[in-house]
Amino acid sequence: MRYLIIFIFLLFSLKSYGITKVYNLIDEKLTIHTTNPLTKDQKNKIEDILDNITAVLDVTDSDSFVSRFNNLEKNSEVSAPDVFVDAYKVLNDYNKITKGKFDPTAFTLLSKSQKVKKLNYYLKSGVHSRCTSLKNIKIKINNVFSKKEKCTKISFNSLIYGKVVDEIQIFFDSEKINAYAIIFNNVVAKKNFSFSEISTLKLSDYIKEKVNFDLINNFGIYELSDNLYIHNINMKDENLILNDEIIILVSTSSNSNNNILANTLNLMDFDKIKNLNNSEVKIPIFILYKIGDMYNFSYTDNFKRFLSD
């Protein structure tokens, strides 16, 4: 009788959540749900995707290309792989869009300390004025990079989760896998999976009340975490943004854009965030924020279709 109960439980679990695979990656968990088991070749391809991206962009790996670039001597040149070149261009674009508020070289300061008091000290010091600027990174030809200052360091932690999800989703679609959910930190891509079936995803109850996540297939979300990242530092205003009373959700077809845009909106002026109800903003964005004891929300016109009834 006991074995029958276990068997029935397993059948119910597989029917509800399919097959789940968890990878420990970049100090976070990447979770993949599929209704049918992946083949050995498909699993190997996923491993190749993860190895390729993390070997280039993962700052937690001392042997990665970005770590070697961060340790590069002043004015030394190095040829960068395509993954680095493409990701750098995205970071550079968002640096321009935010008029310098978002700057991936904020990692220069984070690499010295994760403590708020020390980071505030470094933001007012010569380390910041000399080392933290994308202008310190030079590109020759298309893929040859150098640094004006040895101390300048860069991180892709506002983009890497979305990049991983993008590549796996592209692979799944090419394999005609018709039901999947890919969850990496604060980035989600799903197809023919309901929100309730993504058992590893935890979101604030407030946002779950307002948004119908069954209608959203791709999104990135910003919530303040215990760790500090480059998007917690407003480089233009030279201050830390540590607001635990705001949640930002972005839903476009690009997981990389969802990831980095949700994070860079964190650096916007609060008054602008509260006034997102603008038909000129074409990107689906939803923001939940707290004033006093009251929660309020704002969203763009293109997000209306995702709201709960």
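The values are calculated or read from the model by the stated rules, or taken from the named source; none is laboratory data. Here the structure is a predicted model, which is why all the values come from computation and not from measurement. Positions of Cβ are generated from backbone atoms using ideal geometry, with glycine treated the same way; all protein chains shown enter the neighbour counts.
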Every pair of residues 6+ apart whose Cβ atoms lie under 8 Å, when the first sits in segment 222-233 and is without any contact (Cβ under 8 Å) to a residue 24 or more places away in the chain while the second is among the hydrophobic types (A, V, I, L, M, F, W, C) and in a loop (DSSP other than H, G, I, E, B): Leu224/Leu242
How many residues does segment 157-178 contain that are modelled with pLDDT under 95 and over 20 Å from Glu223 (Cβ atoms)? 1
Could you count how many residues in segment 124-146 are over 21 Å from Asn234 (Cβ atoms), part of a loop (DSSP other than H, G, I, E, B) and touching a residue at least 60 places away in the same chain (Cβ under 8 Å)? 1
Looking only at residues that are modelled with pLDDT under 75 and touching a strand residue (DSSP E or B) at 6+ places or on another chain (Cβ under 7 Å) in segment 252-274, which one is surrounded by the fewest Cβ atoms within 10 Å (Cβ to Cβ)? Lys274
May I ask you to list the residues in segment 173-200 that are crowded, with 16+ Cβ neighbours inside 10 Å, touching a Lys or Arg at 6+ places or on another chain (Cβ under 7 Å) and not in a strand (DSSP E or B)? Ile198
Filter segment 35-70 for residues that are among the polar types (S, T, N, Q) and exposed (fewer than 12 other Cβ atoms within 10 Å of the Cβ); the one that is farthest from Ile168 (Cα to Cα) is Ser62
When you scan segment 147-172, how many residues do you find that are of a type in the set (A, V, I, L, M, F, W, C) and either surrounded by 24 or more Cβ atoms within 10 Å (Cβ to Cβ) or not in a helix (DSSP H, G or I) (or both)? 7
Please determine, by comparing only the residues of segment 123-146 that are touching a helix residue (DSSP H, G or I) at 6+ places or on another chain (Cβ under 6 Å) and over 19 Å from Leu240 (Cβ atoms), which one is surrounded by the most Cβ atoms within 10 Å (Cβ to Cβ). Leu134
Do we have any residue at all in segment 82-94 that's among the polar types (S, T, N, Q) and closer than 15 Å to Ser256 by Cβ? yes
What number of residues in segment 279-298 are of a type in the set (Phe, Trp, Tyr) and modelled with pLDDT of 90 or more? 1
Output for segment 108-120, where each listed residue is in a helix (DSSP H, G or I) and touching a Lys or Arg at 6+ places or on another chain (Cβ under 9 Å): Thr108, Leu109, Leu110, Lys118, Leu119
With respect to Phe145, is the statement that it is touching a strand residue (DSSP E or B) at 6+ places or on another chain (Cβ under 7 Å), under 21 Å from Ala87 (Cα atoms) and among the aromatic types (Phe, Trp, Tyr) true? yes
